[in-house]
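Below: one structure, written as structure tokens.
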Amino acid sequence: MPTLRACSLPALLLAALPALAAPAAGATDLYPTDSCVARKLAAAADACRASLDAYALDALHGNASTLNARLDRAAAALDQAFSGADADAAVAGVDCSQTTLSGDAMGQTIRDGAAALATTVESTLDLHRPLDRVAGFFRLEATALGCAGLVAAEGQHLEQRGTDRDRSLLERDRDRALALFRTIFGFFHWPPKGPGPDPSAVQAQLVAFAGQVVLGAIVSPYVSSDWTMVTPDAQVPYLGKVLEPICSKGTPWVYFVKRGTVNKLIVYYQGGGACWDFFTCGVLPVFKQAAGPSDNPANAHTGFADLTNPANPFRDWSAVFVPYCSGDVHWGDATQTYLNPFTPGQSVTIQHKGRVNAAVAEKWAREHFVDPDEVFVTGSSAGAYGALLNSIYFQENVYPSSRFAVLGDAGNGVITQDFLQNDIANWGVANTLPSWIPELAKPLSELDPAQLWSAPALFYPAHRFATYTTAYDGGNGGQTGFYQIMRNPTTIPAWLNWWESTCAWHDKMIEQTLAAAAIAPNYRYYIGTGSRHTMWGSDKVYTDTTGGVPLLVDWVTAMRDGTAAWTDVECQDCGVLLPGDPKPSPVQPPFVDDGANGRIECSATP
């Protein structure tokens, strides 16, 4: 009889339940937020199981008061577990209550989801019939185990993602949970009023429910869906240090955040020049020196910066925007006083704290967006270098199992040997470069700029790295402009003649870019037409195919997805200038007039 077959399952159930929903162990080497969220997910798995167990027993016995009492006990246990995890996290220095749903809110989410699943499972049952009650019991028990397993898998993954970087163990645990669900759900074959609920439909509802529970724990519900400015404390404890975020001249530093609708995160580093001596920092500062409300990304209405554009592939993502004001391409950790070499007693003091500021934003990100499926790190100009360096910390320590793509917009690393040997050390980068990457763990004077992008790409072969630039990136704030300053460090009038370095910069950029591409198979480049500096905030990302290049939006999407369309791109007839491209006025070589916007002819210059 069917009832005899049903009685063969209790041993299986008792064996499976503890393994699926065991409390997560609080490993001491875990970041406190990860440990806290892992505990909460273990508690949520228990609550999910207990709530669906309550419906399973109700299907078997039909006692509404007992059902509600069991649901209340499950919710109370969950709330108590959340409070304990929050208290321990607070002792460890993080506010885990702002990371997840509250215990009450998570309890309601689980209660509502369990009720909906019970309704689906019981939709073809006549619970007045004994065999239907038995069938409902086992099908709901199967659903309880599946939910507990799916939720517990994410919590266990947080504890081991440093060694489960490809998420294979996470996927294994998810598959096991669903396999157990299907096995038990199909064990009782008695067809009550008809064929019974479709197991695949129940599974789809179960997966969506468990996903909602997980998202409630790993994506903070307290982050606004609108851009919000965050002013950090003057001192921010993080990873055994006390960080002091600040702008170059001692003014406060801020950053901006928003929550999306998918479990994906974009981190953007703002550009704004750089400085490295008395002349670039004091006489004619060539960098952005302050941060504040005017940096709000909500003010942007073009290109990838416009998150309201339906064509923007990042419009639904959570985001962290890192403003720039430190003069060190988001790399520095130094307070530097620069002396005027010609006037004794004259100096300027600069807080090169770009990496410190970035680490403060990093801390906030990991405490509010705990385990994104995908992370896109990017930045423009100085922010391109910020994206590269700081993405390494994200990849290694913060989100080791997330899928990464890192794109530098107009930051190709063309510098002079004099700058490498005598100036970059002023930013304090010897202590901020990632020592675990051999090519970057060298004395600064021995670093090879050609390996700036290839070395991280080789170290993280599962991730994707890329640079974008126009062929002749120009203007006083462009890559050619800064190369001109480096080539004429004390001749300030020459700085304004940025076009004099156009051809030299172009040749060096091509040399380094091709060298990086030859070294790292997961690095690609995109070289567009003309002399415009940066593309991120321009609508050209949706429209420009000049010189036979693909649309940038399509290329970036291919980069994210790792498809064959993500190829190395170099424009044809790259010297054609587009409307608005920088050029000297009056036009001077290598720029020439051609009756339209003009063009660049490096071959015609010495």
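Things to note:
- Exactly one residue out of Leu551, Leu578 is touching a helix residue (DSSP H, G or I) at 6+ places or on another chain (Cβ under 8 Å), surrounded by fewer than 20 Cβ atoms within 10 Å (Cβ to Cβ), farther than 25 Å from Arg464 by Cα and without any contact (Cβ under 8 Å) to a residue 60 or more places away in the chain: that is Leu578.
- Scanning segment 336-381 for residues being small (Gly, Ala, Ser) and within 20 Å of Ile492 (Cα to Cα) gives a total of 1.
- Any hit, segment 251-259, residues being within 18 Å of the chain's Cα centre (by Cα) and part of a loop (DSSP other than H, G, I, E, B): yes
- Trp364 within 29 Å of Ala462 (Cα to Cα), in the same structural domain as Tyr483 (by TED's automatic domain parsing), in contact with a Leu (Cβ under 6 Å, 6 or more places away or on another chain) and modelled with pLDDT of 95 or more: no
- Within segment 65-72, the presence of a residue that is modelled with pLDDT under 95, assigned by TED's automatic domain parsing to the domain that holds Cys147 and not in a helix (DSSP H, G or I) is excluded.
- Test result for Phe321, part of a loop (DSSP other than H, G, I, E, B), in contact (Cβ under 8 Å) with a residue 12 or more places away in the chain and under 26 Å from Ile218 (Cα atoms): no
- Candidate set: segment 125-145, residues that are out of contact with any Leu (no Cβ under 8 Å at 6 or more places or on another chain) and outside any loop (DSSP other than H, G, I, E, B); chosen: the one surrounded by the fewest Cβ atoms within 10 Å (Cβ to Cβ): Pro130
- Failed item, numbered, when Phe369 is tested on (1) more than 30 Å from Ile510 (Cα to Cα); (2) in contact with a Cys (Cβ under 9 Å, 6 or more places away or on another chain): (2)
- Counted residues, segment 544-597 - those being part of a loop (DSSP other than H, G, I, E, B), closer than 30 Å to Asn497 by Cβ and among the charged types (D, E, K, R): 6
- Qualifying positions in segment 526-543 - assigned to a loop (DSSP other than H, G, I, E, B) and within 21 Å of Asp573 (Cβ to Cβ): Thr529, Gly530, Ser531, Arg532, His533, Met535, Ser538
- Flag if Gly475 is surrounded by fewer than 23 Cβ atoms within 10 Å (Cβ to Cβ), closer than 19 Å to Tyr269 by Cα and modelled with pLDDT of 95 or more: no
- Segment 324-345: number of residues that are among the aliphatic types (A, V, I, L, M) and assigned to a loop (DSSP other than H, G, I, E, B): 1
- Scan of segment 216-249 for residues that are closer than 30 Å to Glu154 by Cα, β-branched (Val, Ile, Thr) and part of a loop (DSSP other than H, G, I, E, B), ordered by number: Val223
- Residues located in segment 424-478, provided they are of a type in the set (S, T, N, Q), under 24 Å from the mean Cα position of the chain (by Cα) and not in a helix (DSSP H, G or I): Thr432, Ser435, Thr467, Thr469
- The set of residues in segment 203-238 being in contact with a Lys or Arg (Cβ under 6 Å, 6 or more places away or on another chain) and crowded, with 16+ Cβ neighbours inside 10 Å consists of Ala217, Val223, Trp227, Tyr238.
- Verdict on Leu444 being crowded, with 20+ Cβ neighbours inside 10 Å and assigned by TED's automatic domain parsing to the domain that holds Gly413: no
- Taking the criterion of being buried (at least 22 other Cβ atoms within 10 Å of the Cβ) and either of a type in the set (A, V, I, L, M) or outside any loop (DSSP other than H, G, I, E, B) (or both), the residues of segment 408-423 that qualify are Gly408, Asp409, Ala410, Val414.
- Matching option when the condition is of a type in the set (D, E, K, R) and at pLDDT below 95, among Asp568, Asp594, Asp544: Asp594
- Segment 479-497 - residue that is more than 35 Å from the chain's Cα centre (by Cα) and closer than 18 Å to Pro586 by Cα and, of those, surrounded by the most Cβ atoms within 10 Å (Cβ to Cβ): Trp495
- Per the conditions (1) in a helix (DSSP H, G or I); (2) more than 25 Å from Ile424 (Cβ to Cβ); (3) touching a residue at least 60 places away in the same chain (Cβ under 8 Å), the sole criterion not satisfied by Phe279 is (2).
- Complete set of residues in segment 449-505 that are among the charged types (D, E, K, R) and closer than 25 Å to Thr378 by Cα: Arg464, Asp473
- The requirement of being hydrophobic (A, V, I, L, M, F, W, C), in contact with a helix residue (DSSP H, G or I) (Cβ under 7 Å, 6 or more places away or on another chain), modelled with pLDDT of 95 or more and in the same structural domain as Ala144 (by TED's automatic domain parsing) is satisfied by Ala47.
The values are calculated or read from the model by the stated rules, or taken from the named source; none is laboratory data. Everything numeric in this text was worked out from a predicted model, so none of it was measured. Don't worry about glycine lacking a Cβ; one is built from the backbone with ideal geometry, like all the others, and counts go over all protein chains shown.
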